[in-house]
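The values are calculated or read from the model by the stated rules, or taken from the named source; none is laboratory data. Every value quoted in this text rests on a predicted model; they were computed, and no experiment measured them. Methodologically, a virtual Cβ is constructed for each residue, glycine included, from the backbone with ideal geometry; neighbour enumeration extends over all protein chains shown. Areas reflect the complete protein model, heavy atoms only, side chains present, ligands, DNA and RNA absent. Shrake-Rupley method; radii C 1.70, N 1.55, O 1.52, S 1.80 Å.
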Amino acid sequence: MIKKLAILTSGGDAPGMNAAIRVCTRAGLFYGIDMYVVYDGFKGLIEGNIKQINKEFTSDIMNRGGTIIRSARLEEFKDPAVVEKAVRILKDFEIDGLIAIGGDGTYRGLAAMAKLGYPVVGMPGTIDNDVASTDETIGFATALNTICECVDRIKDTSGSHQRCSIIEVMGRHCGDLAIFSSLAEGAEACITFDHPAKEQELFRRLRKMKAQNKSHAIVIVSENLLDIQELAKKIEQQAGFATRTEVLGRLQRGGSPVAHDRILAARLGTEAIELFRRGEHGRVVGIHHNNVVSIDIFEALEMKRDIHSNLMKLVEMLQ
Ligand code: F6P
């Protein structure tokens, strides 16, 4: 029987992580489980930065961005000795299981703990939407809305000056934020790792737009992919469109989570607690075809992400 559970958040913070902490805490307390939080992700775990919490700890946090228990990235967690230490510390606190909210790196940390037989459940929380075992991650919808708000504003000024704007969005090596925002904004081009730039085609289209006296053009590019200043120069030379660049950066990670992310957190967090109650751990929760599902953590880490070629086709068709 599960008596004590701990929650941590790890990797890049995402809007909705607080909602997830609230849900796990309240669902756990509802079933009479003592709930704990670990501050600063896996780093705090090996430092024993763990505290028992009550319901009030999670009051008024559902609408807050970031994570109140903070997050960290810990390279050392790849070292088996560090993982063993983490498990030892949780056992010293007599904590029966750990829920970690994060992305791929977080799942790898949990998998290492599961290998040692420690009960873990992973919840997908990252703006990147790069977790293959779920159709959507907590924070993605909010970040996408933030990007669209920013692009709408850029369009206002871009249109006033008849410019092309290249906008770099986050996603590490995953193009979802770029593809979904391109579709939502009717971008002239979307460039991601899986869908590289078709430069000549882009220049041709922009030349035509310029000839038709179109007021602005939007090009959305995934981060870590290409030098957007260089691309801007090429567009100016080849298409005659005055071009400016914008890097949205960590603006995309902040802000109050949209209702969709809060509801996602509620659905996934309650399932995480139910899994522990059923004695099913070493798993990750997710959404598949709008159903809440859970998958073995090792299988989850082997899964391949959808690269959304179908949506990319729509982006191109609607240009
Ligand atoms: O994983 C979320 C994310 O925002 C990525 O999109 C980005 O590449 C990375 O984190 C940036 O991380 P940091 O804020 O640690 O530099």
By the mean-Cβ-within-10 Å protection proxy, highest first, 96-103, 219-226 rank as 96-103, 219-226
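Just to confirm, what accessible area per residue do you get for the chain at 1.4 Å probe, in whole Å²?
44 Å²
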Among Lys4/Lys91; Lys3/Lys43; Lys3/Lys78; Lys43/Lys78, the pairs whose Cα-Cα distance exceeds 20 Å are Lys3/Lys43; Lys3/Lys78
Hits in segment 165-190: amide N under 19 Å from the 7 Å Cα→Cβ extension of Gln237, namely 165-166
For Asp152, placing the label point 7 angstrom along Cα-to-beta-carbon and taking segment 244-261, residues whose amide nitrogen sits under 17 Å are 252, 255-260
Restricting to lysines and to Cα separations under 29 Å from Lys214, and discarding same-chain partners fewer than 8 apart, the set is Lys155, Lys198, Lys233, Lys234, Lys313
Share of accessible surface on carbon and sulfur in the chain, whole %, 1.4 Å probe and ligands ignored, is 48 percent
The relative contact order of segment 141-253, taking Cα pairs under 8 Å that sit 6 or more residues apart, comes to a percentage of 40 percent
Under the 7 Å Cα-to-Cβ spin-label approximation, Phe193 and Ala211 lie apart by a distance in nanometres of 3.8 nm
Cα extents of segment 141-253 along the principal axes, largest first, in whole Å, come to 37, 27, 21
Scoring segment 49-171 by relative contact order with C-alpha pairs under 8 Å, at least six apart, yields a percentage of 15 percent
If R0 = 41 Å, then His161 and Asp92, at their Cβ-Cβ distance, give a FRET efficiency to the nearest 0.05 of 0.10
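Once a ≥ b ≥ c are taken as the square roots of the eigenvalues of the Cα gyration tensor of the chain, is the result rounded (a/c under 1.5), prolate (a/b larger than b/c) or oblate (a/b not larger than b/c)?
Note, shape of the chain comes out prolate.
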Ranked output for segments 266-273, 67-74, 230-237 by mean other Cβ atoms within 10 Å, highest leading, reads 266-273, 67-74, 230-237
